1. Helices (runs of 4 or more DSSP H) wholly in region 149-217 with at least 2 residues that are within 30 Å of residue 109 (Cβ to Cβ), within 21 Å of the chain's Cα centre (by Cα) and at pLDDT 95 or above - which ones?
2. If a residue must be within 19 Å of residue 102 (Cβ to Cβ) and either without any contact (Cβ under 8 Å) to a residue 24 or more places away in the chain or not in a strand (DSSP E or B) (or both), how many such residues does region 1-14 contain?
3. Taking only region 53-67 into account, find how many residues are modelled with pLDDT of 95 or more and within 24 Å of the chain's Cα centre (by Cα).
4. Just to be sure before I move on: is residue 21 part of a helix (DSSP H, G or I) and buried (at least 19 other Cβ atoms within 10 Å of the Cβ) in the structure I sent?
5. At positive phi and either buried (at least 20 other Cβ atoms within 10 Å of the Cβ) or without any contact (Cβ under 8 Å) to a residue 60 or more places away in the chain (or both): is that true of residue 152 in this structure?
6. Examine region 84-105 for a residue that is in a strand (DSSP E or B) and under 15 Å from the mean Cα position of the chain (by Cα), and state whether such a residue exists.
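The values are calculated or read from the model by the stated rules, or taken from the named source; none is laboratory data. Computed from a prediction, not measured in an experiment: that's the story for all the values here. Neighbour counts run over all protein chains shown; Cβ positions are idealised from the backbone, glycine included.
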């Protein structure tokens, strides 16, 4: 099995690339989905997040309001960033679940490509958990345009939010240095698809080789 990390800055298009890889036959889990599950009422991570950030981050039904939590964590308007506190609470549990998921995939299919999509693989010190790291990039102005379209906000609002969130992430230049593969998502969707198809072919060869080595050992 090949363990692959898929990362990139906010609004770079890593989810799009992930969907393309899944369509080609890869397995994928999103760290955001794992984190969402872990911050549901009844989970230990939920209790810790509420203890640190207060009940003001909750909806009336007791679930976490992700928008309010983001506001509390990323700071702004004179409020300090507390994103390191949030990551300290959530990251260890997310990393544990990611490893468990990859182990389950590998048990079912020794030649599988198991991909974890996560924005903060490098920041969390999790690169060691993967055989290969893919970084998705795009031009800075595209991040803003895509965020504005996704969130239905104006460009200036999108710019401020992108800058606020990027402050908690390594710059693309640092991510690229650590990458085994880079997908530049600055062009058309078709161009990205062709790049992803080529990458998948390479990953498939590596996964099959890894699987055969495991079976012969």
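1. It comes to 172-178, 189-216.
2. Going through region 1-14, the residues within 19 Å of residue 102 (Cβ to Cβ) turn out to be 1-7, 14.
Still in the running and either without any contact (Cβ under 8 Å) to a residue 24 or more places away in the chain or not in a strand (DSSP E or B) (or both): 1, 14.
Within region 1-14, residues that are within 19 Å of residue 102 (Cβ to Cβ) and either without any contact (Cβ under 8 Å) to a residue 24 or more places away in the chain or not in a strand (DSSP E or B) (or both) number 2.
3. 6
4. Numbers: part of a helix (DSSP H, G or I): yes; buried (at least 19 other Cβ atoms within 10 Å of the Cβ): yes.
Considered against the rule, which asks whether it is part of a helix (DSSP H, G or I) and buried (at least 19 other Cβ atoms within 10 Å of the Cβ), residue 21 comes out as yes.
5. Details: at positive phi: yes; either buried (at least 20 other Cβ atoms within 10 Å of the Cβ) or without any contact (Cβ under 8 Å) to a residue 60 or more places away in the chain (or both): yes.
So residue 152 passes the test.
6. At the first step, the residues of region 84-105 found to be in a strand (DSSP E or B) are none.
No, there is no match, as no residue in region 84-105 is in a strand (DSSP E or B) and under 15 Å from the mean Cα position of the chain (by Cα).
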